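Working notes for the structure below.
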Amino acid sequence: MSFKRNILDLRKRKKEAQQGGGEKAIEKQVAMGKKTARERIKAILDENSFHEYDLFVEHTGRDFDMEKKVLHGDGVIIGTGTMYNQPVAIYAQDFTVAGGSLGLMHARKITKIMDHALKMRVPLIGINDSGGARIQEGVNSLAGYGEIFYRNTIASGVIPQISVILGPCAGGAVYSPALTDFVFVVENISKMFITGPGVIKSVLGEEISMEELGGAMVHSEITGNAHFFARSEDECFAQIKKLITFIPWNNAQKALKFPIQEPKITKSIEEIVPVDPHNPYDIRDIIKAVTDGSDFFEIMEYFAKNIVIGFGRIQGNTIGFVANQPMYLAGVLDCDSSDKAARFIRYCDAFNIPIVTLEDMPGYLPGVDQEHAGVIRHGAKLLYAYSEATVPKVTVIIRKAYGGGYIAMNSRHLGADFVFAWPTAEIAVMGPEGAANIVFKKEIDEAENPAEMRKQKIQEYKDKFANPFVAASKGYIDEVIEPSETRARLIHSLEVSGSKVDQRPAKKHGVPPF
Amino acid sequence: MEDNSLNYQIFVVNSAKYLTLTTTKYDRRKKYLPIDPKEVRSIIPGSIIDILVTPGQVLKAGEVLLILDAMKMYTQIEMPFDGVIKSIHIEKGDRIPKNTVMITIE
């Protein structure tokens, strides 16, 4: 008696199950420009590192003739593997099997690997490619979604959770990615919406294509649901592999330290910024001028471009950058930029990543649409996130720091550990133009030449208040520095903050304005 | 999409003029229009099931103007104040989007 027969039988069964939906379905998947679930996992993980579980799981549908159908793996592949030799957990919905629809066992497989990821404190990567709930399984599908959302929430802030949208992700299914830390989308492949174009047309008579309603660019630029946009699956996988180098494996660790590199940017930092605070420049050039190897990995590049967020390294350590972007909307704060920055700050705080804030911001975006969209409560998220964060927090004020925005952008008053200002910084309640109109209203109105008087008074205000020295005289700014000193100051301030302890009163959790 | 043309515009914040680019979402924002209480608008998309009034009719606040079917519910749309029906802009069976002016009153 030998094992041979059993082994051959096992191999045959495996081979069959690994085919997923079979040749025809795979052909269809490829024709849509998509890779199969198995290829995707392989592309993300280290070579030959993937180990699969639950390959032989069968669905439990017993209605509508479902009992006669064989759905290999129940439309989802789960397993563990490594990235850069570090363990990760992964699942990938297999669209070739019943459209990747989610039934009871499909969901159980996902929650099994989620539980594992949380217990083992390793990152979880979820690849979404599913037509939605398996309608034949009724409420069991809904139960499955709910159990996934619950685990996404419990694991939030403990392990990194990455969602990759490589196909449809519609209806309730969208809420799992929305609860995770980073959402990756690919042009012409990702489709996310609560209500699809068909329903919208039949109920409302509004006609819109899937790509326009919930395509990759819509979620990157308009809704802010997606963090990374790629033009192909391969580009997307490269982004995931890059992101993972910047983040720690769980909330008890720090991100891996890399070899120190000097910035590659050759332009002097003073040449990047126009002295006139009304003129724009790309704040990302400043970030690149202070980060190791000038390597800045931007997050949410297309959404709320008036604020820039992302990771870079200083002395080999991951830093979260939050920076106003004068190139877009003059770098104002508004609903979307506050929301974008606040969530990122909370991510950095949860995962022990120090935050560097670069400030050049003329205030809040004026307008009825902003007020009615709730700029008060969205703006409050930013104050909350900065105040709450206990990781090292350093601010550099480059030019404008006016009014409420000055407070919001990690000011000393919200608990910044170090605040530096360039000599070009203007820290004031508002810009000289607005302030002069109010402070010197009477003089301007009564002057023989109001325009000339106004000009004079603006200059007077500028000389007196539009500088960093008033704030420095109160100790609100720790030091006024030369622009060329910025990197050195950041290096030192982050180094001396390395063992920062900031105890907060015990509480179950705060009540942030979201 | 990425704006490569670098079409800088003047942008005013607190009386100061800044040179900057705008975003697609900013460009697409809707201009605020004050609400005219004399226009009865749909606050939800739906279908007109029935119109219970005719132009010229004198009504008291709270009287039902029409029935709108939206999200599987029949909603009675009421007269907001005492007045006269000036004009009706919809027909029975119409499928209307949100914020459509249905009836004008005086």
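Note on segment A:197-228: among residues that are at the interface with chain B (Cβ under 10 Å from one of its Cβ atoms) and closer than 27 Å to B:Gly93 by Cβ, the one that is surrounded by the most Cβ atoms within 10 Å (Cβ to Cβ) is A:Leu204. The condition of being of a type outside the set (Ser, Thr, Tyr) and in contact with a strand residue (DSSP E or B) (Cβ under 8 Å, 6 or more places away or on another chain) holds for only one of A:Ile319, A:Ile376, that being A:Ile319.
Tallying residues that are in a helix (DSSP H, G or I), of a type outside the set (A, V, I, L, M) and within 36 Å of the chain's Cα centre (by Cα) within segment A:465-479 yields 1. Of A:Ala155, A:Ala143, A:Ala170, all but one fail to be under 24 Å from A:Arg346 (Cα atoms), aliphatic (A, V, I, L, M) and in the same structural domain as A:Lys35 (by TED's automatic domain parsing); the exception is A:Ala155. What is the number of the single condition among (1) touching a residue at least 40 places away in the same chain (Cβ under 8 Å); (2) touching a helix residue (DSSP H, G or I) at 6+ places or on another chain (Cβ under 7 Å); (3) of a type outside the set (D, E, K, R) that A:Val122 does not meet? Failed condition: (2). Highlighted here are the helices (runs of 4 or more DSSP H) found entirely within segment A:265-355 that include at least 1 residues which are surrounded by 20 or more Cβ atoms within 10 Å (Cβ to Cβ) and within 14 Å of chain B (Cβ to nearest Cβ): A:283-290, A:335-350. Each residue in segment A:45-81 was checked for being in a loop (DSSP other than H, G, I, E, B) and of a type in the set (Asp, Glu), and 6 pass. Hey, does segment B:16-28 have a residue that's within 30 Å of A:Val429 (Cα to Cα), more than 9 Å from every other protein chain (Cβ to nearest Cβ) and under 21 Å from the mean Cα position of the chain (by Cα)? Yes.
Applying the condition of being surrounded by fewer than 17 Cβ atoms within 10 Å (Cβ to Cβ) and outside any helix (DSSP H, G or I) to segment A:423-464 and asking which residue is farthest from the other protein chains (Cβ to nearest Cβ) yields A:Glu448.
Taking the conditions exactly as written (among the β-branched types (Val, Ile, Thr), within 14 Å of chain B (Cβ to nearest Cβ) and at negative phi), does A:Val375 satisfy them or not? In short, yes. What do you reckon, is A:Ala43 in contact with a strand residue (DSSP E or B) (Cβ under 8 Å, 6 or more places away or on another chain), in contact (Cβ under 8 Å) with a residue 40 or more places away in the chain and of a type outside the set (S, T, N, Q)? So A:Ala43 fails the test. Only one of the listed residues (A:Ala238, A:Ala226) is more than 21 Å from A:Val396 (Cβ to Cβ) and not in a helix (DSSP H, G or I). That residue is A:Ala226.
The values are calculated or read from the model by the stated rules, or taken from the named source; none is laboratory data. Just so we're clear, the structure is a prediction, and the values are computed from it rather than from any experiment. Here Cβ is always computed from backbone atoms with ideal geometry, including for glycine, and neighbour counts include all displayed protein chains.
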